[in-house]
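Participant: My questions will all concern the structure given below.
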Amino acid sequence: MGVPRVPAPVTSLLALAVTSEQIEHLHRRFKQLSQDQLTIRKENFDSIPDLEFNPIRGKIVHAFFDKRNLRQESDGLADEINFEDFLTIMSYFRPIEMNMDEEQLDRFRKEKLKFLFHMYDSDHDGKITLQEYRNVVEELLSGNPHLEKESARSIADGAMMEAASICVGQMGPDQVYEGITFEDFLKMWQGIDIETKMHVRFLNVDTIAHCY
Amino acid sequence: IPSVSSIVPESCLLIVVGLLVGGLIKGVGEKPPILKSDIFFLFLLPPIILDAGYFLPLRPFTENLGTILIFAVVGTLWNAFFLGGLMYAVCQLGGPGLNHIGLLANLLFGSIISAVDPVAVLAVFEEIHINELLHILVFGESLLNDAVTVVLYHLFEEFASFEQVTILDIILGFLSFFVVSLGGVLVGVIYGVIAAFTSRFTSHIRVIEPLFVFLYSYMAYLSAELFHLSGIMALIAAGVVMRPYVEANISHKSHTTIKYFLKMWSSVSETLIFIFLGVSTVAGHHYWNWTFVISTLFFCLIARVLGVLVLTWFINKFRIVKLTPKDQFIIAYGGLRGAIAFSLGYLLDYQHFGMRDMFLTAIITVIFFTVFVQGMTIRPLVDLLAVKKKQETKRSINEEIHTQFLDHLLTGIEDICGHYGHHHWKDKLNRFNKKYVKKCLIAGERSKEPQLIAFYHKMEMKQAIELVESGGIGKIPSAVSTVSIQNINPQTLPLERVLPALSKDKEEEIRKILRTNLQKTRQRLRSYNRHTLVADPYEEAWNQMLLRRQKARQLEQKMNNYLTVPAHKVDSPTMSRARIGSDPLAYEPKEDSENLPIITIDPASPQSPESVDLMSEEPKGCSGLPPSPEEDEEGLVMRVKEPSSPGTDDVFTPGNSDSPSNQRMLRCLSDPGPRPEPEEGEPFIPKGQ
C-alpha cells in the first residue's frame, strides 16, 4: 500500500470537519478512480460498476463537476476536479455533530439542501421549473423501461401543484408559479430532518469496492 | 378542569375496572376468573402483536435495528441477571421466609420480570405522541426481547429440575437463543411468503382475502410456539414480509377489512388483558413479603436505568444521530412491564416453585407500579422535558419524490466512495426484490409498478375520497386547493368552458364559497394511535365513478366516430342520449322503449332539479334493460372492456347496467356552466350533483 501521499492543501480542508483517517481513505479511493492521475474526469466515473443501476447517476456525476457545489464563484461545469474538489463534495455528506448550536445547525442544513437544490436545478437559473421537475421524476422512474411518459408527467405536475400550494398558498387563475426557488425548497423540506438523513458513513476502511 | 382521560392512561382505568369487577364478583361470593396463561398466549396476545407487526413503520425500524437489537437482547439479559443476582442476595439475607429460594429460582424470576412488555408500551405510548425515533426504539425493543425472554424462561425452568448444571448446558442454552430467535423469524418469513403467494390468486374470491392474512399469521405464531421458538418474532416477521405483496394484490375493500379487523381485535384484546389483570389481582392467592416485593421494585428500576445508560454510551459510538440524555430518560422510563410477565409467572409449576404466589404478588406489584405511576407521569414529564413530539406532516408526493431521490443519491455516493454501506445493501435488496420476488408474489401488471407510481395512485385515491366527503365532485383536479394546472403551466389549454362575465364581487363570493367547501382536507396524521382510522365511506361509489368516467370518456370518443350509424338500428338509450346531446329537438321516444327509463332533459335550464339525478340509477323496468345494452353494444360494435383493477370487486358490481349510467354520468359531469343569474344566498354547487 505504501505511505499515502496526501497533498498539502488538504490541511486546510480539515476545517471541513472530515477526519484525517477519512481523508486518507478518500484519497485512496480518488487514486483508484483517477487511475493515479491528479484529476478526475467524467469518464472516470464510468468505471464504477454499481453506479450503472442508479437511475440518477447522470445527475450525481454532474453534481461533482458543478462549479456551484465546488464553492467557486463562477458558474457552469468544470471539466475535471482534483482531490480538493472531491473532498469538498464529500463534505456535504458529513454527519451531524453533537455539539452544534442552533445557528451552526441551520447553516449545516442549508448547505445540504443547497446541494440538493443544485441537483434539481439543471439549468442553473436559481429555480426549479416544471420541466426540470418533470425531468427529475422521469429519471427516477427510468429504471422501468415500459412506463409511459404520461405517468411521470402527471406525477411531476401533481407534485408541482402541491409545492405551489405549500409555498404560495392561494393562487388566482391568472397567477403563474414560475418555479421553486430556494426559499420554497427550504419550506418543502421543513418536515424532513435532512441533517439526520443525508450522510454517508466512512467508517469501514477495509471494504473498498473495486473498479474495473 | 382536565378530564380523567387526559391524566390517566386508558390502561390504568381498565385495571381499575378489573379490580372493581373482581371485587364485585368476590363480594357476591363467586370465584372470580383468573387470566389463564393459555388463553392469554393463544387468544389475547396474537392480535395485538399482529396489529403491531403488520403496521410496523418499516423505515425507522430498519434504520434503528442495531440499536433496537442491542437494547432488546443485551438490555434484557442484563436486567435478568442483575435482578436475579441481587434478589438472590436479598433472599439470602432476608431471613427465614426467603432463605430457601435458590439462585435458579431467582434468576427465573428475574427473567420473567425483566422483559419490557409490548402491550403496556403500546397502550401508554400511543397516547403521548412522542417522536418517531423514541417510539420505535422502545416499542421495537419490547417486541424483540421476546426471544430472550422465551429462552431464559425455558432454560431456567428446565435447569431448576436438573440436579446439576454443567457448562455444556449453559453453552447449549446460549446457542438455543439463536435457534429460538432466528428460527422464529424463519417460520414467520416462510408463512409470510406463502400468504403473499396465496394472495396472488385471489382475484376471483376477494371476499376471503382478509382471512388468508389472519390465518397464515396465526399459523406462523402457533407453529413457532409449538417448537418453543419465539412466537412473537414469527408473527412480526410474517406481518412485515407479507404486507407489501399482499397489499399490492388485494382489493381496496379487503385492505380496509384487514385494517379494521386488526385494530378491532387488538383493541378488544388489550382491553380484556388489562381488565383481567385487575380481576386476577383480586382473585389470586397472594403472599406479601415486604422485603421481596419492595426490593424487586427498587432493583427493577435501578437495573433499567443502569442498563439504558451503559448501553446508550456504547451505542452512541456507532450511531450517527446520537441519543441525548433526554432520549435516554424516556427510554428508561418507558420500560413498562405488563401482562406477559404475569402470564409467565402464572405458568410456573407449584411443584418446583413453591414460592410462586410470592413471585406473582411481586410481579403484579411491579406491573401496577409501572403502569400506574410511570404511565401516568410520563405525559407531564414529556411536556416538562420538552421532548420532541411526533410531527404531524401530511404524506405528500413531494416528500416521496425527495425521499427516493435522496436514497438514490446516497447510494450513488456510497458507490463512489467505495463504501458498502447501509444504502448500498438496501439498494441491492430492492433490486433483488424487484427483479425476482415481486414477479412471483404479485399478480399481473402490478408486479412491475414502481413504488412512486403506486404511491401516487394511493395519494390520488385518498384525496379523491376526501374531496367527495367534503362535498365537491369533479370540479377541481387532484390537488385540493385552488392551485390548478393553469398556475404552473400556462401553456396547457384550459377546459373549454364559456364563463359568462361575472361582476367582481360575485366572482369573489363564488370563490369564497368554493374555498370554504373544498378545503376541509383532513390532515393525515402519521400517527401510531391505533384508534384513528382514515374514514372512507364513499370508496366503492368513488371507484365505480372513476371507472365509469373512464369508460364514459372512451365511449364518448368512440361515439364521436360512430355518429353516422344507419337509422334502422334500434334506438337504444345510449344512442338516444347521444342524439339529445347533439340535437335537442330531434328526440322522439320509440314505442317499444316503454320499458326503458324515460329521461326528460330540459335543455333550457340545465340546473333544474328534475335533471338527471345520480342516485336514481335503478331503472323502473329493470327487466327491460339488460337485453338492450347487450344489443346496444352488438349494434355499435363497441367493446368496452372492464379492466380488472384491484379496486373493483367483480362479485358485487352489477356488470351490465354500465353503459346507460355512463351517459348519465356524462350529462352530470359535462356541466355547461353556471347560471347567468345565481340567486342570492343559493349555494353555487347545483342540486343533484
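Participant: Which residues, counting only those in the stretch A:137-159, are facing chain B (nearest Cβ under 9 Å), under 21 Å from the mean Cα position of the chain (by Cα) and free of Cβ contacts under 8 Å to residues at least 40 places away in the same chain?
Facilitator: Once the filter is applied, which keeps residues that are facing chain B (nearest Cβ under 9 Å), under 21 Å from the mean Cα position of the chain (by Cα) and free of Cβ contacts under 8 Å to residues at least 40 places away in the same chain, the stretch A:137-159 yields A:137, A:156, A:159.
Participant: Of the conditions (1) of a type outside the set (Asp, Glu); (2) more than 27 Å from residue A:26 (Cβ to Cβ); (3) at pLDDT 75 or above, residue A:198 fails just one. Which one is it?
Facilitator: Evaluating residue A:198 over (1) of a type outside the set (Asp, Glu); (2) more than 27 Å from residue A:26 (Cβ to Cβ); (3) at pLDDT 75 or above leaves (2) as the failure.
Participant: To continue, here is another question. Answer yes or no as to whether residue B:105 is of a type in the set (A, V, I, L, M), in contact with a Cys (Cβ under 9 Å, 6 or more places away or on another chain) and part of a helix (DSSP H, G or I).
Facilitator: When the stated conditions are applied, residue B:105 passes them.
Participant: Okay, next question. Looking at the stretch B:75-102 only, could you name the residues that are in a helix (DSSP H, G or I) and surrounded by fewer than 17 Cβ atoms within 10 Å (Cβ to Cβ)?
Facilitator: B:81, B:85, B:89, B:92, B:93
Participant: Given the condition surrounded by fewer than 18 Cβ atoms within 10 Å (Cβ to Cβ), at the interface with chain A (Cβ under 9 Å from one of its Cβ atoms) and of a type outside the set (S, T, N, Q), answer yes or no: does some residue in the stretch B:417-427 qualify?
Facilitator: Looking for residues that are surrounded by fewer than 18 Cβ atoms within 10 Å (Cβ to Cβ), at the interface with chain A (Cβ under 9 Å from one of its Cβ atoms) and of a type outside the set (S, T, N, Q), one finds at least one in the stretch B:417-427, hence yes.
Participant: Also, I was wondering about something else. Take residue B:379 and decide whether it is buried (at least 16 other Cβ atoms within 10 Å of the Cβ), farther than 20 Å from residue B:84 by Cα and basic (Lys, Arg).
Facilitator: It is true that residue B:379 is buried (at least 16 other Cβ atoms within 10 Å of the Cβ), farther than 20 Å from residue B:84 by Cα and basic (Lys, Arg).
For (1) at pLDDT below 85; (2) buried (at least 21 other Cβ atoms within 10 Å of the Cβ), each residue gets a yes or a no:
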{"residue": "B:126", "(1), (2)": "yes, no"}
{"residue": "B:143", "(1), (2)": "no, yes"}
{"residue": "B:149", "(1), (2)": "no, yes"}
{"residue": "B:152", "(1), (2)": "no, yes"}
{"residue": "B:158", "(1), (2)": "yes, no"}
{"residue": "B:176", "(1), (2)": "no, no"}
{"residue": "B:189", "(1), (2)": "no, no"}
{"residue": "B:196", "(1), (2)": "no, yes"}
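Participant: Please state which of the following conditions residue B:90 fails to meet, knowing it meets all the rest: (1) among the aliphatic types (A, V, I, L, M); (2) at pLDDT below 90; (3) closer than 22 Å to residue B:61 by Cβ.
Facilitator: Evaluating residue B:90 over (1) among the aliphatic types (A, V, I, L, M); (2) at pLDDT below 90; (3) closer than 22 Å to residue B:61 by Cβ leaves (3) as the failure.
Participant: Could you run through the stretch B:373-416 and say how many residues are out of contact with any Ser or Thr (no Cβ under 9 Å at 6 or more places or on another chain) and away from chain A (no Cβ under 14 Å)?
Facilitator: Residues that pass the stated criteria total 13.
Yes/no matrix, rows are residues, columns are (1) among the aliphatic types (A, V, I, L, M); (2) over 28 Å from the mean Cα position of the chain (by Cα); (3) assigned by the TED database to the domain that holds residue B:120; (4) at positive phi:
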{"site": "B:312", "(1), (2), (3), (4)": "no, yes, yes, no"}
{"site": "B:315", "(1), (2), (3), (4)": "yes, yes, yes, no"}
{"site": "B:321", "(1), (2), (3), (4)": "yes, no, yes, no"}
{"site": "B:326", "(1), (2), (3), (4)": "no, yes, yes, no"}
{"site": "B:330", "(1), (2), (3), (4)": "yes, no, yes, no"}
{"site": "B:379", "(1), (2), (3), (4)": "no, no, yes, no"}
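Participant: Across the stretch A:79-121, what is the total count of residues that are assigned to a loop (DSSP other than H, G, I, E, B) and not aromatic (Phe, Trp, Tyr)?
Facilitator: Number of matching residues: 11.
Participant: Right, next: Can residue A:186 be described as assigned to a helix (DSSP H, G or I), within 20 Å of the chain's Cα centre (by Cα), at pLDDT 75 or above and facing chain B (nearest Cβ under 7 Å)?
Facilitator: So residue A:186 fails the test.
Participant: Also, quick follow-up: Do any residues in the stretch B:411-439 that are in the same structural domain as residue B:65 (by the TED database) have Cβ atoms under 8 Å from those of residues that are in a helix (DSSP H, G or I), where the two are at least six apart or on different chains, and which pairs are they?
Facilitator: none
Participant: Where residues in the stretch B:1-31 are modelled with pLDDT of 80 or more and in a loop (DSSP other than H, G, I, E, B), which of them is surrounded by the most Cβ atoms within 10 Å (Cβ to Cβ)?
Facilitator: Residue satisfying both the conditions and the ranking: B:9.
Participant: Something else about it: Look through B:405, B:369 and report the one residue that is within 28 Å of the chain's Cα centre (by Cα) and in a helix (DSSP H, G or I).
Facilitator: From the options B:405, B:369, the qualifying one is B:405.
Participant: Further question: List the number of the failed condition for residue A:163; all other conditions in (1) at pLDDT below 80; (2) more than 7 Å from chain B (Cβ to nearest Cβ); (3) part of a helix (DSSP H, G or I) hold.
Facilitator: Unmet for residue A:163, out of (1) at pLDDT below 80; (2) more than 7 Å from chain B (Cβ to nearest Cβ); (3) part of a helix (DSSP H, G or I): (2).
Participant: Taking the stretch A:22-48 as the search range and keeping residues that are hydroxyl-bearing (Ser, Thr, Tyr) and assigned to a helix (DSSP H, G or I), which one is farthest from residue A:70 (Cα to Cα)?
Facilitator: Per the stated criteria, the residue is A:47.
Participant: Considering every residue within the stretch A:122-145, establish whether at least one is touching a His at 6+ places or on another chain (Cβ under 9 Å) and closer than 21 Å to residue A:70 by Cα.
Facilitator: Checking the stretch A:122-145: at least one residue is touching a His at 6+ places or on another chain (Cβ under 9 Å) and closer than 21 Å to residue A:70 by Cα.
Participant: If you don't mind, there's one more thing I want to ask. Checking residue B:350 against (1) hydroxyl-bearing (Ser, Thr, Tyr); (2) surrounded by 19 or more Cβ atoms within 10 Å (Cβ to Cβ); (3) not in a helix (DSSP H, G or I), only one condition comes out false. Which one?
Facilitator: Every condition holds for residue B:350 apart from (2).
One line per residue, one yes/no per condition, for (1) at pLDDT 95 or above; (2) among the hydrophobic types (A, V, I, L, M, F, W, C); (3) not in a loop (DSSP other than H, G, I, E, B); (4) not assigned by the TED database to the domain that holds residue B:41:
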{"position": "B:185", "(1), (2), (3), (4)": "no, yes, yes, no"}
{"position": "B:193", "(1), (2), (3), (4)": "no, yes, yes, no"}
{"position": "B:214", "(1), (2), (3), (4)": "no, yes, yes, no"}
{"position": "B:229", "(1), (2), (3), (4)": "no, yes, no, no"}
{"position": "B:246", "(1), (2), (3), (4)": "no, yes, yes, no"}
{"position": "B:257", "(1), (2), (3), (4)": "no, no, yes, no"}
{"position": "B:260", "(1), (2), (3), (4)": "no, no, yes, no"}
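Participant: Taking only the stretch B:322-347 into account, find how many residues are farther than 22 Å from residue B:159 by Cβ and not in a helix (DSSP H, G or I).
Facilitator: The qualifying residues number 8.
Participant: Here's another thing I want to ask about it. Determine whether the stretch B:114-123 contains at least one residue that is in a helix (DSSP H, G or I) and without any contact (Cβ under 8 Å) to a residue 24 or more places away in the chain.
Facilitator: No; the residues of the stretch B:114-123 include none that is in a helix (DSSP H, G or I) and without any contact (Cβ under 8 Å) to a residue 24 or more places away in the chain.
Participant: Looking only at residues in the stretch A:41-59 that are over 14 Å from residue A:143 (Cβ atoms) and without any contact (Cβ under 8 Å) to a residue 40 or more places away in the chain, which one is nearest to the other protein chains (Cβ to nearest Cβ)?
Facilitator: A:45
Participant: Pairs under 6 Å by beta carbon, first residue closer than 20 Å to residue B:450 by Cβ in the stretch B:224-250, partner among the polar types (S, T, N, Q), six or more apart or different chains?
Facilitator: Qualifying pairs under 6 Å: B:246/B:199; B:249/B:199; B:250/B:199.
The values are calculated or read from the model by the stated rules, or taken from the named source; none is laboratory data. None of the values given here were measured: they were computed from a predicted structure. All Cβ positions, glycine included, derive from the backbone under ideal geometry; neighbour counts span all protein chains shown.
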